Amino acid sequence: MTETHEEILIIRRGETLDVVFNRPEKRNALTPQMYDAIAGACRRADSDREIRLLTLRGAGGEAFSAGSDIGHFQTFSSFQDGLDYESRFVGVLTELEKVRVPTLAVIDGVCAGAGLLLSAACDVRIATQGSRFCLPIARTLGNSLSIHSVALLADRIGSSRLMSLIARAGVMSSGEALRSGFLSDCATESEFATLTAQVSRDLLAAAPMTVWTIRESLRRIRTRVIADNDDLMSMIYSSDDFKAGVDGFLRGERPLWAGV
């Protein structure tokens, strides 16, 4: 059974629920409607006891997801729109982290921005050897991440690597992601389907309550000291730099940062 939301496919394959980002022409850039569909898939997995695995993947073979669709940011009229956007996205990450079944991110190609965070919220991440991971916001948009997102990524790849990845707008290879512990496995394109099938079988065979309780314990450890950072997000989303970043990105021009 397949639910079609045009930009996202939710496909039931036996005991597995596949969430497929379906905008290959946009490198699977994520829209607010796609975030809602991801959250809906989590709720479906929670309510259907026959579902034992939830997977995320991108269509087209070039990208898991290049991140949020930047065109959406043009609709922002005040910093409150930025705060609402971050709150909505954190809600999706939280639903993904709390879903009762094991979760698997199947990454082939670019995994950037919000796509990187969605994969980070999964229990297990696998990728093709040519996949690339990045957070280019300090070079492109001039926005920031919620403190929830910062804590999640710092937990997955380490604070020093995260800071370098953002400040230098670097790209992490699959090999680096594997060595950092972000990925559990990677494989060549020709071997990736076999790897995906094997990891899926492993997760389907796992005791779901064991996986969930360990994941939830780790989430509680990570979030126990998370503070509010609405003041930082308000400053970012009301800045001239953010407006210049969005406009420059959509025009294909590199913005000139003023620091205000």
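The values are calculated or read from the model by the stated rules, or taken from the named source; none is laboratory data. What you see is a predicted model, and the numbers here were worked out from it, not measured in a lab. Here the Cβ positions follow ideal geometry from the backbone for every residue, glycine too, while neighbour counts run over all protein chains shown. These area figures cover heavy atoms from the full protein model, side chains too; ligands, DNA and RNA do not enter into them. Shrake-Rupley method; radii C 1.70, N 1.55, O 1.52, S 1.80 Å.
Hey, rough spin-label estimate for Asp247 and Ser190, points 7 angstrom out along Cα→Cβ, what's it come to in nanometres?
The answer from the label model is 5.1 nm.
What ³J(HN,Hα) values, in whole Hz, does the Karplus curve 6.51 cos²θ - 1.76 cosθ + 1.60 give for the stretch 42-51 when θ = phi - 60°, with x put for Gly and Pro?
Once rounded to whole Hz, the list reads 4, 5, 5, 5, 5, 8, 9, 6, 7, 7.
Please compute one quarter of the surface area of the Cα convex hull for the chain and express it in square nanometres.
For the chain, averaging the hull's shadow over all directions gives 13.3 nm².
Along the positive direction of the dipole of the stretch 209-260 (beta-carbon charges: Lys, Arg +1; Asp, Glu -1; about the Cα centre), which of Ser234, Thr213, Gly252 reaches farthest?
Sorting the options by dipole projection puts first Thr213.
For the chain, what is the calculated [θ] at 222 nm in deg cm²/dmol (nearest 500), taking -39500 (n - 2.57) for each run of four or more DSSP H residues and dividing by its residue count?
For the chain, the value works out to -15000 deg cm²/dmol.
What FRET efficiency, computed as 1/(1 + (r/R0)^6) with R0 = 22 Å and r the Cβ-Cβ distance, is obtained for Ala167 and Leu83, rounded to the nearest 0.05?
The value I calculate is 0.40.
What's the center-to-center distance, using Cα atoms, between the stretch 76-114 and the stretch 1-61 in Å?
So the separation of the two Cα centres works out to 13 Å.
Would you please state which residues of the stretch 239-260 a label at Gln74 would reach in this model, taking the label point 7 Å out along Cα→Cβ and a backbone N cut-off of under 12 Å?
Residues 246-252 fall inside that zone.
Could you look at the stretch 84-210 and say what percent of its accessible area is carbon and sulfur, using a 1.4 Å probe and all protein chains?
55 percent
Tell me the accessible surface of Trp212 in square angstrom (1.4 angstrom probe, heavy atoms of protein chains only), to the nearest ten.
Approximately 80 Å² of Trp212 is accessible to the 1.4 Å probe.
If you roll a 1.4 Å probe over the stretch 1-79 with all protein chains in place, what percent of the accessible area is carbon or sulfur?
About 45 percent, which is the carbon plus sulfur part of the accessible surface.
At 1.4 Å probe size, with every protein chain present, just tell me what the per residue accessible area of the stretch 64-112 comes to in Å².
32 Å²
Shape of the stretch 32-132 from its Cα gyration tensor (a ≥ b ≥ c, root eigenvalues): rounded if a/c is under 1.5, otherwise prolate when a/b > b/c, or oblate?
Taking the square roots of the gyration eigenvalues as a ≥ b ≥ c, the stretch 32-132 is oblate.
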